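The values are calculated or read from the model by the stated rules, or taken from the named source; none is laboratory data. What you are looking at is a predicted structure, and each value in this text was computed from that prediction instead of being measured. Using ideal geometry, Cβ is built from the backbone for each residue, glycine included, and neighbour counts are taken over all protein chains shown.
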Amino acid sequence: MNVSLFHRYHGLGNDYLVCHQSVAAQLSVEQIVRLCDRNYGIGSDGLLIDIDDEEISRVRIINPDGSEAEKSGNGLRIYARYLFDIKRVGHQPFLVNTLGGQVSCEVTPGAHQIIVDMGQAKFAPSALPANIDGDEVLDRPLVVGGHHLKVTLVSMGNPHCVVRVDKLDLALVQQLGPLIETLALFPKRTNVQFVEVIDRANISIGIWERGAGYTLASGSSSCAAASAMRKLGLVDDRVTVTMPGGQLAIAFSGDFMVNMRGPVQKIATITLDDDCFYDLQ
Ligand SMILES: N[C@H](CCC[C@H](N)C(=O)O)C(=O)O
């Protein structure tokens, strides 16, 4: 493997490695899983692959379990900052293509606050996909692990099962998250958020990510949770989403078009040693 540079960033403690497609082309899925391992690899909540040989920059989002995600909110803010750092973009808004659709990004002055138009929240179960009839699943009863839940299904390009609770309990997120993620109801699995509505402008969420598990923050989860609460009429058009890792600002326009604004920080540029993969066949 030639010199393999990885750029490590985080958005509210949800961290990603970024690499160029030429580096990723040399990696097997097993090696990407190893890269994301926090003991045997560099450690990360996922890998962002920069595809720069198309008219519009494209990012592939790989979860720590090797599965590919259609979209990532923190991932897109980090990718936008990476493109700014390598001088492919400036402070003018620019388009980025993802598996889950095209988004518009903007790096604000100082490059620590990034704005992403995340596209439209969709409530049809088929958009996730979910094996359930009907146009929408809103505050629907669902029993999981003996707990009687109220769930709303939302797609941000990637799937989300939003559980509304009176009081957020992060231990319950970690207990029920993996059960919900892998329900047969979700043929491509799902991300999971538990949501407590604080008032019409504030929600608190706990996150269990598809293919990544418990994370401190999630941009697409913030968009999905805020959209679900907006759909239920419990919040207005501007919502601050508070997570263990910090806060994101969500704003709605039109028909559930979702705008997200939040921080990104660069941690390090890392040169990977081939020996990291020595014990892999
Ligand atoms: N694990 C997610 C992708 C990353 C989402 C999260 N890190 C974000 O910031 O949106 C999925 O499989 O859909």
In region 86-105, the residues that are away from the ligand (no atom under 14 Å from the Cβ) and crowded, with 17+ Cβ neighbours inside 10 Å: Val89, Phe94
From Val59, Val23, residue being part of a strand (DSSP E or B) and at pLDDT 95 or above: Val59
Sole exception among (1) within 16 Å of the ligand (Cβ to nearest atom); (2) under 20 Å from Phe94 (Cα atoms); (3) not in a strand (DSSP E or B) for Val18, by number: (3)
Conditions (1) in contact with a Gly (Cβ under 6 Å, 6 or more places away or on another chain); (2) assigned to a loop (DSSP other than H, G, I, E, B): number failed by Arg77: (2)
Residue match in region 206-217 (condition: assigned to a helix (DSSP H, G or I) and touching a Lys or Arg at 6+ places or on another chain (Cβ under 6 Å)): no
Conditions (1) on the phi > 0 side of the Ramachandran plot; (2) of a type outside the set (A, V, I, L, M); (3) touching a Pro at 6+ places or on another chain (Cβ under 7 Å): number failed by Gly66: (3)
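Which ones in region 39-59 are more than 12 Å from the chain's Cα centre (by Cα) and either within 11 Å of the ligand (Cβ to nearest atom) or closer than 23 Å to Thr182 by Cα (or both)?
So the first thing to find is which residues in region 39-59 are more than 12 Å from the chain's Cα centre (by Cα), and the list is 39-44, 49-59.
Within region 39-59, just Ser44 meets the criteria.
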Qualifying residue in region 217-235 (condition: free of Cβ contacts under 8 Å to residues at least 12 places away in the same chain and either away from the ligand (no atom under 12 Å from the Cβ) or aliphatic (A, V, I, L, M) (or both)): yes
Hey, Leu170 under 25 Å from Gly43 (Cβ atoms), touching a Gly at 6+ places or on another chain (Cβ under 6 Å) and more than 14 Å from the ligand (Cβ to nearest atom) or not: yes
Among (1) in a helix (DSSP H, G or I); (2) surrounded by 14 or more Cβ atoms within 10 Å (Cβ to Cβ), the one test that Arg189 misses: (1)
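Filter region 21-38 down to residues that are closer than 20 Å to Glu70 by Cβ and within 16 Å of the ligand (Cβ to nearest atom) and give me whichever is surrounded by the fewest Cβ atoms within 10 Å (Cβ to Cβ). Quick ask: steps written out before the conclusion?
Just the residues of region 21-38 that are closer than 20 Å to Glu70 by Cβ, to begin with: 21, 24, 29, 32-33, 36.
In the following step, the residues that additionally are within 16 Å of the ligand (Cβ to nearest atom) were identified as 29, 32-33, 36.
Values: Val29: 12, Ile32: 22, Val33: 20, Cys36: 24.
The qualifying residue surrounded by the fewest Cβ atoms within 10 Å (Cβ to Cβ) is Val29.
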Single condition Ala201 does not satisfy, out of (1) under 18 Å from Arg164 (Cα atoms); (2) within 16 Å of the ligand (Cβ to nearest atom); (3) hydrophobic (A, V, I, L, M, F, W, C): (2)
